[in-house]
Structure formats: structure tokens, C-alpha cells
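See structure below.
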Amino acid sequence: MELRKDPITRSWVVVGHAESAPASAESCLLCPGHESDTRTILSVPTQGAWQVRVLPHFDPLYRIEGEVGRTAEGIYDTMRPVGAHEIIIETPEHNRPLSHLSDEAIFVVLQTWCARIIDLKRDLRFKYVTLFKDSGPQAGEEWTHSHSQMTATTFVPRRILYELRAAREYITQKDRCVFCDIIRQEERQGQRVVDSHGDYLAFCPFAGRVPFETWIVSRKHNHLFESPRPTAVRSNLAVLLGRVLRRLEKISPSYHLVLHTAPNTQQTKGELSDYWKTIADDYHWHIEILPILEKRSRSYGIKEVYFNAMMPEEAAEKLRQTDHSQ
Ligand SMILES: [Zn+2]
Ligand SMILES: [Zn+2]
Ligand SMILES: [Zn+2]
């Protein structure tokens, strides 16, 4: 496998065949009892039976060893898929989705995400750490056992680049964070607000790409998800995430979730370093959740322009009225 850069859009694409996955085991590889099969990166709690376990992906898109080996042939850039690819098992219980964990257990999952992002960002080769979750049969989940995945890459993903550019331009013109401005307007108008708890807000974005697309944000400015403000109460985020996921799952059992946090800015050289000057003020972490409604799922990826048949205002109204209890 290799990474190729599209010279026009400047996005990196992983090209090639993934190595064959381990022969499918009879029992679930993520269930307790398989600890000796693979290295454990992190186990929470560190002693005794684990509640959350992090391990290397069995069939990784990116591998930790070796040099990036950036090469160019004419106008085409290539590099080796150096990086990290981890699985975060969110619960030892096979049939319990993240949305049906206790608030305390969701909080532990959030803390584990933070710990892994911080650790991976210590490696200066890695420019970005992505946390994502494909949940449900329509989302292409790899195992039914509740888990999320984390990748560390030597490049910043395309959508984050778009956000960085837009946030930088906005602060240059208005001297404000575009995300904070969005949050203020959403709270003022209230039409697209789904729920809120403490300093955390869930809303359907104004130009949502898919029906019931929902974002979760911190009302207080912060560019780094993994470094909460000293006054932040992250257990409130756990409560809100659980409530939002339970609402969404009543509408569609499958969804993609992705966390957008600021890139690794420790590397002060390179093509993006100009963005780092204002990043603490212009970028703002957020969680994007894209539910998959069965009939339309196939069209999302191919479309050049998204068509969302559900007005975000109607979606938010419906979600507000949906019961969020377990
Ligand atoms: Zn399992
Ligand atoms: Zn902000
Ligand atoms: Zn985003």
C-alpha cells in the first residue's frame, strides 16, 4: 500500500491492497479472553478486568515502523503509509453499544480517546490523529462488538484542511472563531438545537450533508479535544453523547462518528505551519455524527454535491421529540 497525493485537490489517498485479515475467529476477537492474541496498548483500569482496551488494528491502514519515504515522480508525490491504526474496545460486553453504556462508562471511553490522541501526538512524524466510529451494519462496521478506531497520519486529512483554511480566513477577517459564532447563532435561534448539557451543545448543522447530521460542540472555545479547559466538566459531554446517540439510533441504527480536533502543531516547519499561528484561537473541536438512512446510504460518497432530503430544522425538531432514555 502507498499514499498518493492528488496534485489538484492536494488530498492524500491510500492506494493498494490491504493485507489479508486474520482468519475469522469463531469467537469475537474483541471480547475478553483474547488479550494474549495481540499487544495491549492501553487497558483501563490498568489493573484487573478491563473496561476499555486499546490494541493495534489487526489489518492496519497505516503502520508505525519505518520512514515516511516521501518521493516525487514529476508532479506526483508518494509516501509510505506510516502511521498508527488502533482499535478502542469500548466495553467488555459483546452486545452493548456505546449509546447503552452508563454515563460513567461513556466518560471512560472519552478519557481513553484523549489519552491516545495525546500519546500519538508525541510522535512528531504524525501530523493528525483521527478518531472515528463506524457503527451498525450500514456503516461498514468491522466488528459488531462496540469499538472505535484511531489513526495517526503523516498528513492532515482533506476535510480538516478545508476547516483549517476556512477558520483561518474567518479570524483574519472578523477576529473571531467561526465555530463560536455558529454556536452563538444556533443557541440564539434554537431551531436546529437538539439538546444541551452543561457546557456542551448538540445541533443539526445549517447545511447538514445527510438527514439528521448532528454535531456536538463545547460552548466554550477550545481547539484541542484532548486538552479540556480547566473548568470543563467532561462527564457532561458523556451524558450528552449518550443522549444524542440514543435519539439517533431510534431513527437510524447505523452512523459514522468522527472527532475533529486541531492537528499536531508541535512540528513548526512544513507547508501548514502558517496555520498554526492562530490555530488556538480559530479552530474549535467538534464531533460530527452522520447517520445512515438505509435507502440513501449508497449515494453519499459518490455525489459531488450532497443532497439532503431532510431540512435540518425538521431533523432537529424530530430529534428533540425523540425519547433519549435507555
Ligand atoms: Zn465481542
Ligand atoms: Zn471557538
Ligand atoms: Zn469538522
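The values are calculated or read from the model by the stated rules, or taken from the named source; none is laboratory data. Note that the coordinates shown come from a computational prediction; the quantities given were computed from them, not determined experimentally. Note: ideal-geometry Cβ built from the backbone for every residue, glycine included; neighbour counts use all protein chains shown.
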Report summary line: Taking the range 89-100 and the residues there that are surrounded by 23 or more Cβ atoms within 10 Å (Cβ to Cβ) and out of contact with any helix residue (DSSP H, G or I) (no Cβ under 6 Å at 6 or more places or on another chain), the one that is nearest to Leu61 (Cα to Cα) would be Ile89
Requested in this report: Count, please, the residues in the range 249-262 that happen to be of a type in the set (A, V, I, L, M, F, W, C) and buried (at least 21 other Cβ atoms within 10 Å of the Cβ).
Outcome: 3
Query raised in the report: Residues Val217, Val194: which one is within 16 Å of Phe107 (Cα to Cα) and of a type in the set (Val, Ile, Thr)?
Result: Val217
Requested in this report: Could you grab me the full set of residues in the range 211-233 that are farther than 20 Å from Glu187 by Cβ and surrounded by fewer than 17 Cβ atoms within 10 Å (Cβ to Cβ)?
Outcome: Ser227, Pro230
Requested in this report: Could you name every one of the strands (runs of 3 or more DSSP E) located completely within the range 143-208 that has at least 3 residues being within 16 Å of ligand 1 (Cβ to nearest atom)?
Outcome: 147-153
Query raised in the report: Any idea which of (1) crowded, with 20+ Cβ neighbours inside 10 Å; (2) within 23 Å of Tyr128 (Cα to Cα); (3) polar (S, T, N, Q) is the one Thr265 doesn't satisfy?
Result: (1)
Query raised in the report: Right, Thr278: within 16 Å of ligand 2 (Cβ to nearest atom) and over 21 Å from the mean Cα position of the chain (by Cα) or not?
Result: yes
**Report entry** Selection from the range 155-183 of residues that are within 16 Å of ligand 3 (Cβ to nearest atom) and among the aromatic types (Phe, Trp, Tyr)
**Finding:** Tyr162, Tyr170, Phe179
Query raised in the report: Out of (1) on the phi > 0 side of the Ramachandran plot; (2) within 13 Å of ligand 2 (Cβ to nearest atom); (3) surrounded by 13 or more Cβ atoms within 10 Å (Cβ to Cβ), the odd one out for Glu163 is which?
Result: (1)
Query raised in the report: Within the group Arg229, Arg243, Arg320, Arg247, which residue is basic (Lys, Arg), under 21 Å from Leu131 (Cα atoms) and more than 16 Å from ligand 2 (Cβ to nearest atom)?
Result: Arg243
Query raised in the report: Quick one: in the range 213-250, which of the residues that are closer than 18 Å to Ala115 by Cα and of a type in the set (Ser, Thr, Tyr) is farthest from ligand 1 (Cβ to nearest atom)?
Result: Ser227
Report summary line: For the range 35-57, pairs from a residue that is part of a loop (DSSP other than H, G, I, E, B) to a residue that is of a type in the set (Ser, Thr, Tyr), with Cβ under 6 Å and 6 or more apart or across chains, are Trp50/Ser43
Query raised in the report: Got at least one residue in the range 262-275 being touching a residue at least 40 places away in the same chain (Cβ under 8 Å), within 14 Å of ligand 3 (Cβ to nearest atom) and touching a Lys or Arg at 6+ places or on another chain (Cβ under 8 Å)?
Result: yes
Report summary line: Within the range 90-105, the residues that are over 15 Å from the mean Cα position of the chain (by Cα) and under 17 Å from Leu259 (Cβ atoms) are Ser99
Query raised in the report: When Gln47 is evaluated against the numbered criteria (1) modelled with pLDDT of 95 or more; (2) of a type outside the set (Ser, Thr, Tyr); (3) more than 24 Å from Glu141 (Cα to Cα), which criterion, by number, is the only one it fails?
Result: (1)
